Amino acid sequence: MSNSPESQQNNDELVDIQHPDLFEDQPDPEIDSYIEKVEKAGENPSLQIPLDDQGQALIQQTDDTQLPDNAVILPMTQIEFEQGLQAQILSSARWLAEWCAFMIKKYGRRVFFKG
């Protein structure tokens, strides 16, 4: 180790960083207020309907149509599925459509398209 002024300055910085008086035992009041807000929100959760980028609800209430308990809902509409099968092989839409085709073959009449 060299005793140059630069190395001495680096050692001083390390000592200052590791000095125990720099760390407070009490958390910041802003953190305390945030934690209280989070805890209160956890006690009384408000269920909000998730929205997509266009502001439309991702989850829609079903009407009288009841799906079987073991139904498989595909993550795309039938039109998107058909377009995905026509997409280029490197497209993620193509691979999602191929996966949906596999699910249709595997589960048959239990499979339903989204929307």
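Observations, loosely collected:
- Flag if D64 is modelled with pLDDT under 75, on the phi < 0 side of the Ramachandran plot and over 25 Å from the mean Cα position of the chain (by Cα): yes
- When segment 66-115 is filtered for residues that are of a type in the set (V, I, T), in contact with a strand residue (DSSP E or B) (Cβ under 8 Å, 6 or more places away or on another chain) and over 24 Å from D52 (Cβ atoms), only I104 remains.
The values are calculated or read from the model by the stated rules, or taken from the named source; none is laboratory data. Just so you know, these numbers come straight off a predicted model, no measurement behind them. As a convention, Cβ positions derive from the backbone with ideal geometry for all residues, glycine included, and neighbour counts pool all protein chains shown.
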